[in-house]
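As structure tokens, the structure follows; a few thoughts come after it.
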Amino acid sequence: MKKYIQIIIIVLVTTIFASCEDFLDREPLANLSPETYFTDVTHLQAYADKYYVDIFPSVSGNSYGIYGKDDGTDNQISATPPNRFTEGEWRVPQKEDDDKISINWSFKTIYRLNFFFANVLPKYGDDINGTKNTITGNLPDIKHYIGEMYFLRALEYFNRYQKFGDFPIIEEPLEDDMAILTEASRRFPRNEVARFILSDLDKAAEYMKDKEMATTRINRDVALLLKSRVALFEGTWLKYFKGTAFVPKGEGWPGKSKDYNANYQFPSGSIDNEIDWFLEQAMNASKEVAELYKGNLTQNTGILPQTKDELKALNPYFAMFSSDDLSGVKEVLLWRQYVQGLGSGHDLGLSTNQGNHGIGVTRGYVQNFLMSDGTPVYTHGTYAHGDGYYRGDGEIANVRINRDSRLSLFLKEPGQLYCIETSVSIPTNAWKDEPYPKITEGAGQYQYTTGYALRKGGKWDSKYLVQNKDYSSFPIYRAAEALLNYMEASYEKNSTLDATAREYWQLLRRRALVSDDIDKTIAATDMSKEAENDWGAYSANNILADATLYNIRRERRSEYISEGLRYMDLCRWRAMDQLITKPYIPEGIHLWNTPMENWYNNLIGDGSSKANVSSKEDSEYLRPLRKTTSQAGYNGFTWKMAHYLHPIRIDQLLVTSPDGQSPESSSIYQNPYWPTEANQPAEK
């Protein structure tokens, strides 16, 4: 019955939403009778289920999916760099169809979520304070699904505010009235949007506290973890962009040009107070989650199975990223489940088996992982030639030895086995063991862009390598992030490593099978060396972080390898300033003058149209974007200050303009250094 109702709701909503208008995406929802479809707890669940699919990440088709989310950073690259790193390629779109890089300035999902609240909250009551509940069903269940919707609205807002900064705050479906809609379109200062998101997450946590659900559903701990992420994002953004056009009251802040923001005052009195408030919110929320799960971090044996006996005792840490069922993994707070027979599968296993679908790990990322004794690589000779403890980078196998186990587990090495179990015949396009990296392949699933590739999400049974037949699951939120968020927020706020942060850090290091002598690592850190490998060594105005803060950032980078937090982190640290004056040329394996050169007999590195690798004269390391001068990114990744935020489409400015023709007179404003003319690049 519940599934039947869900189908009815989805069909009706889809039909009704088809005729949406562009202005604030207002939609005629009146035909969906709230009297009929918001009267039972199953209706609430069905409505929430629809937005799990829309808002949460998925793995689809031929891609490295969830584990390729750091593509286009200093962690991972593909054969074509994102427009944001190519001079003049990221331009202001005229309309949605022109918007090739930006997340849409869209309110469709927000409107639908608000429609839920407008029709459900008047029916909800806890019967304790004299408010009668008229929704049929168990009260804790009703509260939980309302809490889920608050979480989903918060997540939708977070996704948009990350991209646009200042953003309209709309809490109800609006009447079809131009004056009301124009007023609602005004942009609230970014910190106010962040406060609104935190408020929704507080409500989510409160509503969901009385019900334990399977971890395939949102729960209270997930709400608190996201709260810590949002608060840390805003606290550090305000800190590193302080005084600029990217924060309220900063020099050139475009929000000041509108009457509604002309005399803006921070809720806490000043930007410094605001920074402290957000960092404290991050500390409190992350600590609450961390204390619940610090004793339940998934065990890491450090063993990568290569035999059937080793497979019987599969390393739980590796399995956390490649199993069908994560319900028993306490660290995983929320995970996405794929069930055979319910929809199509994905190709994560196949992409891991091959070249990560052309998404390669950078040399800088590999070099950045610590040795297992807690010291940086450069304390053991040069990157190319180690002292014996570090073995140098002349072969992929060597860089994995005596390293942080997160690197040695997930970095692929030629000769490693994949199909230990063969429950079906090994597909012809899959490999039983890891070949030499196919660096000369054209674009596609076999291509090893940098020569380095990951096996995160990798499988051991051939049944997962059948195209579109991988039904394994993956984590969306892990409790480990709470430990990292507390470490960073507390140090950013207080400039000291307190006992709690030290405890959390040591727990993560032990799990990674790295020495927990944090002070030894900090003392051995040479920031000028770290800056060679890690954009996160820098913050605003190309200022190097101190060694303690940097190593906190390094821990975050190492723990969340390829899980999609990197670009968000680099933006909030304002770490890309360095690329404005010094382009970054990504590199891969140490190809030339090493044994790896002898793996190939068809290397052409002469810069001609036939070249399949970069030239030896350019660098001994493979430079994937410098095979020929015609490649995008040949001169390196560049940056504009404007790129920290996305441009607003011209049609969105026009629809909120009194005459419909003058973007400058719109009730909203363009983001810093982006023009109000379509198809133009950033000005600065």
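Please treat every number below as a calculation from the coordinates, not as lab data. Here the structure is a predicted model, which is why all the values come from computation and not from measurement. Because the Cβ atoms are built from the backbone with ideal geometry, glycine has one as well, and the counts that use them run over all protein chains shown.
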Tell me, what HN-Hα J-couplings in whole Hz come from the Karplus equation 6.51 cos²θ - 1.76 cosθ + 1.60 at θ = phi - 60° for each residue of the stretch 68-85, using x for Gly and Pro?
x, 6, 8, 4, x, 9, 7, 8, 9, 9, 10, 5, 10, x, x, 4, 5, 9
Which one, Gln337, Pro140, Gly388, is farthest towards the positive end of the dipole of the chain when Lys and Arg carry +1 and Asp and Glu -1 on their Cβ?
Gly388
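Counting pairs of alpha carbon atoms under 8 Å apart in space and at least six apart in sequence, what relative contact order in percent does the chain give?
Numbers: 1329 pairs, mean separation 125.5, N = 684.
RCO, the chain: 18 percent.
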Mind checking which of Pro305, Leu232, Met568 is farthest towards the positive end of the chain's charge dipole, using Cβ charges of +1 (Lys, Arg) and -1 (Asp, Glu) about the Cα centre?
Pro305
With the dipole of the stretch 550-684 worked out from charges on the C-beta (+1 for Lys and Arg, -1 for Asp and Glu) around the Cα centre, which of Trp592, Pro672, Thr629 lies farthest toward the positive end?
Trp592
Between the stretch 312-328 and the stretch 473-516, how far is it from one alpha carbon centroid to the other, in angstrom?
22 Å
Hz values of 3J(HN,Hα) by residue in the stretch 404-414 - Karplus curve (6.51, -1.76, 1.60), Gly and Pro given as x:
2, 5, 5, 7, 5, 6, 9, 7, 6, 9, x
Phi to ³J(HN,Hα) by Karplus 6.51 cos²θ - 1.76 cosθ + 1.60 over the stretch 421-428, Hz, x for Gly, Pro:
10, 10, 6, 9, 4, 5, x, 5
Restricting to lysines and to Cα separations under 24 Å from Lys308, and discarding same-chain partners fewer than 8 apart, the set is Lys412, Lys432, Lys456, Lys459, Lys463, Lys469
Would you mind working out the magnitude of the charge dipole of the chain relative to its Cα centre, with +1 at each Lys and Arg C-beta and -1 at each Asp and Glu C-beta, to the nearest 20 Debye?
920 debye
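Can you tell me which of 73-86, 567-580 comes out highest on packing, and rank the rest after it, using the mean Cβ neighbours within 10 Å? Provide the component values of the computation, followed by the final result.
On the way: 73-86: 22.4, 567-580: 20.2.
So the peptides 73-86, 567-580, ranked by packing, come out 73-86, 567-580.
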Counting alpha carbon pairs within less than 8 Å and at least 6 residues apart, what relative contact order, in whole percent, applies to the stretch 584-684?
20 percent
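Which order, highest average first, do 268-275, 509-516, 256-263 follow once you tally other Cβ atoms within 10 Å for each residue and take the mean per peptide? Numbers along the way, then the final one.
On the way: 268-275: 16.0, 509-516: 19.4, 256-263: 12.9.
Packing order, densest peptide first, comes out as 509-516, 268-275, 256-263.
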For Arg336, the residues 5 or more places away or on another chain with a placed amide H closer than 5 Å to its own amide H are Phe474, Ile476
Principal-axis tilt of helix 139-164 within the chain, Cα atoms, nearest 10 degrees
70 degrees
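Cα-based Rg of the stretch 132-280 per 2.2 N^0.38 Å, rounded to two decimals? Each step should come with its number before you reach the end.
Numbers: Rg = 17.4 Å, N = 149, 2.2 N^0.38 = 14.7 Å.
Here the answer is 1.18, to two decimals.
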I'd like the orientation of helix 499-511 relative to the chain: the angle between its Cα long axis and the longest Cα principal axis, in ° from 0 to 90, rounded to 10.
50 degrees
Would you give the gap between the C-alpha center of the stretch 377-435 and the C-alpha center of the stretch 522-587, rounded to a whole Å?
24 Å
Answer with a single label: of (1) 41; (2) 13; (3) 33, which was calculated as percent of Cα pairs over 49 Å apart from the structure in view?
(2)
Long-range amide H partners of Thr422, meaning residues 5 or more apart or on another chain whose placed amide H is closer than 5 Å, are Ser462
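Report the charge-dipole magnitude of the stretch 283-365 in Debye, nearest 20, computed about the Cα centre from +1 at each Lys and Arg Cβ and -1 at each Asp and Glu Cβ.
160 debye
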Size of electric dipole in the stretch 266-406: Cβ of Lys, Arg +1 and of Asp, Glu -1, about Cα centre, debye, nearest 20:
500 debye
Return the long-range amide H neighbours of Arg403 (sequence gap of 5 or more, or a different chain), with a cut-off of under 5 Å between placed amide H atoms.
Ser372
A student applying the Cα gyration tensor rule (rounded when a/c is under 1.5; otherwise prolate if a/b is larger than b/c, oblate if not) would label the stretch 479-519 oblate
Helix 271-293 sits off the longest principal axis of the Cα atoms of the chain, rounded to the nearest 10 on a 0 to 90 degree scale, by 70 degrees
For the stretch 274-311 and the stretch 229-247, write down the distance between their C-alpha centroids in whole Å.
25 Å
Quick one: compute the contact order of the stretch 451-510, relative version, from alpha carbon pairs under 8 angstrom and 6+ residues apart, as a percent.
22 percent
